[in-house]
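Before any comments, here is the structure.
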Amino acid sequence: MSPPRCEAPRVRPGRAQPGRRLRAGRDARSASSARTAAVRSGSATPHHASCWLLDPEVQAARRARRITRRTLAHWGLDDLADSAELLVSEMVANAVRYAQGPVTLRLLHTDVLRCEVTDGSPHLPRHVRAQDTDEGGRGVLLVDRLATQWGATPHTTGKTVWFALDLPDRHPRTGIHPRPA
């Protein structure tokens, strides 16, 4: 199985643009890849799909949080921003820490919000029991507790770790969130 594909925007040769948004919506192969991922996850065809290539640097998690929050606001999914931002940040930080090379962040809005982080490491995430004094080791636990579903898909050049969050309830005609009683 090959990793999800996001095509880079056209740039002049010799001018790399790390951290730039990859335009999944404008490239037929990328849109097809997004539909395939959505179908594989049991979701409908994506309403929106966006993809970014992140450099494997300390700032990648911060950039991924900002990207996630802005994208969800643009899609009208502000209610999911806090959870999605936390989980994306955790997954990107782990990819930067343990993998070699660039990291891809992809967000898909179907009947759920699906967030994917692809990296070049073949090692899949696993549960570890963190001690009270440990600074790390709780990322998989966070994803397991907050996400509706999550998993990891190995492929020939690494893996894709993903999670899904249910969309907030909205009025079917107006799209407005119901007010609590």
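The values are calculated or read from the model by the stated rules, or taken from the named source; none is laboratory data. All figures in this text were calculated on a predicted structure; none of them were measured in a lab. Every residue, glycine among them, receives a Cβ derived from its backbone with ideal geometry; neighbour counts consider all protein chains shown.
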Checklist outcome for this item: Among residues of segment 96-127 being surrounded by fewer than 20 Cβ atoms within 10 Å (Cβ to Cβ) and over 23 Å from Thr157 (Cβ atoms), the residue modelled with the lowest pLDDT is His127
Item to check | Selection status of Ala93, crowded, with 18+ Cβ neighbours inside 10 Å and farther than 25 Å from Pro168 by Cα | outcome: yes
Checklist outcome for this item: Considering segment 83-120, residues that are touching a helix residue (DSSP H, G or I) at 6+ places or on another chain (Cβ under 8 Å) and of a type in the set (D, E, K, R), and then whichever is farthest from Ala73 (Cα to Cα), we arrive at Asp119
Checklist entry - Which of the residues that make up segment 48-67 are assigned to a strand (DSSP E or B) and in contact with a Phe, Trp or Tyr (Cβ under 8 Å, 6 or more places away or on another chain)? => result His48
